[in-house]
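Structure, as structure tokens:
The values are calculated or read from the model by the stated rules, or taken from the named source; none is laboratory data. This structure is a prediction, so every number in the text was calculated from the model and none was measured. Every residue, glycine as well, gets a Cβ built from its backbone with ideal geometry; the counts of neighbours run over all protein chains shown. Surface accessibility is based on the protein's heavy atoms, side chains included, excluding ligands, DNA and RNA. Shrake-Rupley method; radii C 1.70, N 1.55, O 1.52, S 1.80 Å.
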Amino acid sequence: MTVFSLALKENVRQRVNLILILALPFPLLLIPANDYSFPFGVNLYGMLMFYTAFLLARPIAEDRMKGRIARIAASPIGIFRYLAGHLSAYFMLLALQIGLFVAGSALVHRLEPRAYLLLAPLYLSFAVMGVAFSVAWNSLFRSYNLSFGLFAGLGSLMCLVSGVSMPLAIIPTGVQRYTMFLPTYWLPYGIDALRAQRYPELLLSHAILWAYAAAFILAGTKRRL
Amino acid sequence: MVVEIRELIKRFDGKLALDCFNLEVGEGEVVGLLGPNGAGKTTSIRALVGLLPVDDGTISVFGRRQDGRDKDIKRRIGYVTQELTIYEDMSARDNLSFFGSLYGLAGRRLEARIEEVAGLIGLNGRLGDRVKTFSGGMKRRLNIGCSLLHEPELIIMDEPTVGIDPQSRNFILEFVKSLASGGASVIYTSHYIDEVEAVASRIYIMDQGHTIASGTLPELIARIQGDSHILVDVRIAAEKVRQELLAVPELKDVVIEENRYHIVVPGGVSAFEKIIPILSPQGIVNINSKQPDLEDVFLTLTGKQLRDGA
């Protein structure tokens, strides 16, 4: 059993993960459209993805918290292969969730096809950032329960002020100046850019999400064994 | 030499965890590291496995410098952690399969090794069961088994019997001996004297980060000049009789412990013929003779009993 298959198996065993991936994206499709943005479910799905990424990243956190990482580090497998195996398993599950949501949105919202072609990669970039953020966040704690408890509050707050769970348009500009430092800000920013067909800004949101992802992965794997 | 550690120094926040620690392990040898908690056993093991950078000194494994990056060294070591580092939500087979694959085993070879190791650790009937349904002893055995799939030449066991029942403990001790008879070198750390006595061909006694003494058990006992202890239970012990015993030149010391005379005799000296006539009028109830053991060695060399520090 490879690292990838172990990470996949560990996550698929959790019923809550299956519900998050296979069922919860669909109620978001019922949120109606408005005049100034895509149907808000398109934004709000980012919050679901952020929490899903956090729960999927649990095995890597538990390997460290339960001391298994010491045994793994003593084996000839390199840290890069270990991380790659885990992250690709999480990413695959998130990609499945994204695929289901985008397909559902195409059926329900019937936006122009090009929007979906650009929206799916933006979600994927956000998913990568979400997993990386979870790895870095978990590395700060010795207990997963404490980490999750604090993340539940912090994640909601981040999503709220950065326009994921509340339209960016109704957040005061003064606040936006600060919330743009939050990684979650760059999903609604990219979605708005996509709707307004401001493609350089869409590319900017991709670039910043990946930069955050790289920084979080580095921070999350620096911790002493 | 399979392992050679020279003058190892490791500090945590300025505090010495290893203080010029030395260790040598030969081929097919079982070396016991004995010391109380905090003696530096786990630190030395983690440095040896390559998980912990050291501040000074050298570690050589299979004749190569261990810096934690040499994959060939890692491939030849089996590391049994002190904690249970297995996946409790998975089956025993999944655990063995995963840890085997970390060492490059795959396909039929991996399957064959899983069956073989499961047999060795006595879990062949339970391979499909989830680990969380196992007893503490079974989990410990699986924890060991996960380190053996790749047939390591050096097996490092860090307190592998913590928190298990005596039956499982005996199983593990016998198993360690069988590993050594199969040609593997074993480093076995423990703070249980009887375990180290039972498995190790050579013993290192550690305290406060350094080696206090090392050698075979007879060598270590010889270092403390091998006093023998004779315990004589009588109806009523009396100070006057103790003074009479102390007047016997062959006896080193006599202590009264309730209705018992605890007599210390230098190694190799026979004193029974002089003790018995003095104690007979007291009404001897029982006589026991205790030869010095590893606990006495530890007590003599460190000035404390192992369990005090454990």
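What pairs come up if the first residue lies in segment B:195-208 and is open to solvent by 50 Å² or more (accessible area, probe 1.4 Å), the second is part of a helix (DSSP H, G or I), and their beta carbons are under 6 Å apart, counting only those six or more places apart or on different chains?
From residues that are open to solvent by 50 Å² or more (accessible area, probe 1.4 Å), the pairs are B:197/B:294.
All but one of (1) crowded, with 20+ Cβ neighbours inside 10 Å; (2) within 25 Å of residue B:147 (Cα to Cα); (3) away from every other protein chain (no Cβ under 14 Å) hold for residue B:8; state the number of the condition that does not hold.
(2)
Would you kindly identify the helices (runs of 4 or more DSSP H) lying entirely within segment A:1-107 that contain at least 3 residues that are more than 14 Å from every other protein chain (Cβ to nearest Cβ)?
On the way: elements: A:3-12, A:15-22, A:41-56, A:58-65, A:68-73.
Because the criterion is at least 3 residues that are more than 14 Å from every other protein chain (Cβ to nearest Cβ), the helices (runs of 4 or more DSSP H) in segment A:1-107 that meet it are A:15-22, A:41-56.
Among the candidates A:29, A:6, A:93, single out the residue that is open to solvent by less than 40 Å² (accessible area, probe 1.4 Å) and at pLDDT 95 or above.
Details: A:29 fails: at pLDDT 95 or above; A:6 fails: at pLDDT 95 or above.
Exactly one of A:29, A:6, A:93 is open to solvent by less than 40 Å² (accessible area, probe 1.4 Å) and at pLDDT 95 or above, namely A:93.
Among what's in segment B:226-256 and is open to solvent by 70 Å² or more (accessible area, probe 1.4 Å) and aliphatic (A, V, I, L, M), pick the residue that is modelled with the highest pLDDT. Don't jump to the end; show me each part of the working.
From segment B:226-256, those open to solvent by 70 Å² or more (accessible area, probe 1.4 Å) are B:235-236, B:239-240, B:243-244, B:247, B:249, B:252; that's our starting set.
Restricting the remaining residues to those that are aliphatic (A, V, I, L, M) gives B:236, B:247.
Working: B:236: 86, B:247: 91.
Checking each candidate, the answer is B:247.
Regarding residue B:142, is this residue within 14 Å of chain A (Cβ to nearest Cβ) and within 20 Å of residue B:113 (Cα to Cα)? Don't jump to the end; show me each part of the working.
Working: within 14 Å of chain A (Cβ to nearest Cβ): yes; within 20 Å of residue B:113 (Cα to Cα): yes.
Considered against the rule, which asks whether it is within 14 Å of chain A (Cβ to nearest Cβ) and within 20 Å of residue B:113 (Cα to Cα), residue B:142 comes out as yes.
A quick yes/no check of all residues on (1) at pLDDT 90 or above; (2) within 24 Å of residue A:69 (Cβ to Cβ); (3) touching a Pro at 6+ places or on another chain (Cβ under 6 Å):
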{"position": "B:59", "(1), (2), (3)": "yes, yes, no"}
{"position": "B:67", "(1), (2), (3)": "no, yes, no"}
{"position": "B:80", "(1), (2), (3)": "yes, yes, yes"}
{"position": "B:101", "(1), (2), (3)": "yes, yes, no"}
{"position": "B:114", "(1), (2), (3)": "yes, yes, no"}
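Consider segment A:115-159. How many of its residues are open to solvent by less than 40 Å² (accessible area, probe 1.4 Å), among the aliphatic types (A, V, I, L, M) and outside any helix (DSSP H, G or I)?
Total satisfying the criteria: 0.
Condition (residue is touching a residue at least 60 places away in the same chain (Cβ under 8 Å) and either away from every other protein chain (no Cβ under 14 Å) or outside any helix (DSSP H, G or I) (or both)) applied to segment B:125-134: is it met by at least one residue? Lay out the reasoning, then the answer.
Within segment B:125-134, the first condition is being touching a residue at least 60 places away in the same chain (Cβ under 8 Å), and the residues that meet it are none.
No, that holds for no residue.
Identify all residues within segment B:76-105 that are facing another protein chain (nearest Cβ under 7 Å), over 14 Å from residue A:72 (Cβ atoms) and part of a helix (DSSP H, G or I); write none if there are none.
Within segment B:76-105, B:94, B:97 qualify.
Restricting segment B:30-75 to residues that are outside any loop (DSSP other than H, G, I, E, B) and among the polar types (S, T, N, Q), which is farthest from the other protein chains (Cβ to nearest Cβ)?
Step one: list which residues in segment B:30-75 are outside any loop (DSSP other than H, G, I, E, B), which gives B:30-34, B:41-49, B:56-61, B:64-65, B:71-75.
Among the residues that remain, those that are also among the polar types (S, T, N, Q) are: B:42-44, B:58, B:60.
Details: B:42: 10, B:43: 13, B:44: 14, B:58: 19, B:60: 17 Å.
Checking each candidate, the answer is B:58.
Only residues that are out of contact with any helix residue (DSSP H, G or I) (no Cβ under 8 Å at 6 or more places or on another chain) and open to solvent by less than 20 Å² (accessible area, probe 1.4 Å): list them for segment B:69-100, please.
B:73, B:78
Out of the residues in segment B:195-225 that are at pLDDT below 85 and not β-branched (Val, Ile, Thr), state the one that is nearest to residue B:175 (Cα to Cα). Steps first, answer last, please.
Here is the first cut: in segment B:195-225, the ones at pLDDT below 85 are B:217-225.
This time we only want the ones that are not β-branched (Val, Ile, Thr), so: B:217-220, B:222-223, B:225.
Values: B:217: 20, B:218: 23, B:219: 25, B:220: 25, B:222: 29, B:223: 30, B:225: 33 Å.
Per the criteria, the residue is B:217.
For segment B:135-160, give me the residue count where each residue is outside any loop (DSSP other than H, G, I, E, B) and not small (Gly, Ala, Ser). Let's see the steps before the verdict.
First, pick out the residues of segment B:135-160 that are outside any loop (DSSP other than H, G, I, E, B): B:136-145, B:154-158.
With not small (Gly, Ala, Ser) added as a condition, the list becomes B:138-144, B:154-158.
Result for segment B:135-160: 12.
Take the residues of segment B:216-225 that are assigned to a loop (DSSP other than H, G, I, E, B) and in contact (Cβ under 8 Å) with a residue 24 or more places away in the chain: which is least open to solvent (accessible area, probe 1.4 Å)? Steps first, answer last, please.
Quick first cut of segment B:216-225, residues assigned to a loop (DSSP other than H, G, I, E, B) only: B:216, B:224-225.
Within this subset, residues satisfying the condition of being in contact (Cβ under 8 Å) with a residue 24 or more places away in the chain are B:224-225.
Details: B:224: 22, B:225: 138 Å².
This residue is B:224.
Does residue B:163 fit the bill of being closer than 28 Å to residue B:75 by Cα, surrounded by fewer than 17 Cβ atoms within 10 Å (Cβ to Cβ) and not polar (S, T, N, Q)? Walk me through how you get there before you give the answer.
Working: closer than 28 Å to residue B:75 by Cα: no; surrounded by fewer than 17 Cβ atoms within 10 Å (Cβ to Cβ): yes; not polar (S, T, N, Q): yes.
Against the criterion (closer than 28 Å to residue B:75 by Cα, surrounded by fewer than 17 Cβ atoms within 10 Å (Cβ to Cβ) and not polar (S, T, N, Q)), residue B:163 does not qualify.
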